[in-house]
Amino acid sequence: MALLTILEYPDARLKRIAAPVTEFTPAIKKLVDDMAHTMYEAPGIGLAATQVDVHKRVIVIDTSEAKNDLKVFINPEIIVADGEIVGEEGCLSVPEYYESVRRAAHVVVRAHDVTGKSFELEATELLAVCIQHEMDHLKGIVFVEHLSQLKQIRIKNKMKKRHREAERV
Ligand code: GNR
Ligand code: NI
């Protein structure tokens, strides 16, 4: 399994819109395996293909405590979204930054698994938040874009500093 490189905000490639998967090939299976490995290694509770510069509608999520409940969503669609939840979010593409974001409290998502089989999943709490966060990535949206312009400028400056410092070593 390969460890993939995670793009960091404000990389322009994070703005790309992911295309639907049309064939459930061994290459898609490998992408899912590599994404799961990369997510667990990071560590994170979710990862969208966009973050590893693959612009396909593929998401992996594991919000379990034991990290033994991998969920794979290919071509996900939210078919029900209601209620409101505000929770602190972080993103592997915006390291060391956490901020509250408002999301739907309850979602029903329809997607395909890695074999191409269609399924529906109902989610609340952290899983619902994570699904919405990952589906934003597939649309080219990073969670900080839900925050004020002032916060976005501050985050960009912080990330610039981080990238400058990474260059020096
Ligand atoms: O690891 C992650 N934690 C997290 C916490 C609260 C809300 C969303 C997330 S997703 C994030 C991993 C990531 O960046 N996925 O795109
Ligand atoms: Ni993210």
For segment 53-67 the number of residues that are of a type in the set (Ser, Thr, Tyr) and out of contact with any Cys (no Cβ under 8 Å at 6 or more places or on another chain) is 1
Of (1) in contact with a helix residue (DSSP H, G or I) (Cβ under 6 Å, 6 or more places away or on another chain); (2) assigned to a loop (DSSP other than H, G, I, E, B); (3) open to solvent by less than 40 Å² (accessible area, probe 1.4 Å); (4) not basic (Lys, Arg), Gly44 fails just (1)
Being within 16 Å of ligand 2 (Cβ to nearest atom) and of a type in the set (Lys, Arg) narrows Lys71, Lys67, Lys30 down to just Lys71
For Cys91, are the conditions met, namely being within 23 Å of His37 (Cβ to Cβ), out of contact with any strand residue (DSSP E or B) (no Cβ under 7 Å at 6 or more places or on another chain) and either of a type in the set (Ser, Thr, Tyr) or within 16 Å of ligand 2 (Cβ to nearest atom) (or both)?
yes
Inset, instruction - Please indicate, with yes or no, whether at least one residue in segment 71-83 is within 13 Å of ligand 1 (Cβ to nearest atom) and not in a strand (DSSP E or B). - result: no
Residue hits (segment 120-153; away from ligand 1 (no atom under 12 Å from the Cβ) and in contact with a Phe, Trp or Tyr (Cβ under 9 Å, 6 or more places away or on another chain)) are Leu121
Looking across segment 97-110 at residues that are in contact with a helix residue (DSSP H, G or I) (Cβ under 9 Å, 6 or more places away or on another chain) and closer than 16 Å to Asp136 by Cβ, the single one that is most open to solvent (accessible area, probe 1.4 Å) is Arg102
Within segment 4-38, of all residues that are without any contact (Cβ under 8 Å) to a residue 24 or more places away in the chain and of a type in the set (A, V, I, L, M, F, W, C), the one nearest to ligand 1 (Cβ to nearest atom) is Ala12
Given the structure, is Glu77 modelled with pLDDT of 95 or more, open to solvent by 40 Å² or more (accessible area, probe 1.4 Å), more than 13 Å from the chain's Cα centre (by Cα) and more than 16 Å from ligand 2 (Cβ to nearest atom)? yes
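The values are calculated or read from the model by the stated rules, or taken from the named source; none is laboratory data. Computed from a predicted model, the values in this text were never measured in an experiment. We place every Cβ from the backbone using ideal geometry, glycine too, and count neighbours over all the protein chains shown. In case anyone asks, the SASA skips ligands and DNA or RNA and just uses the protein heavy atoms, side chains included. Shrake-Rupley method; radii C 1.70, N 1.55, O 1.52, S 1.80 Å.
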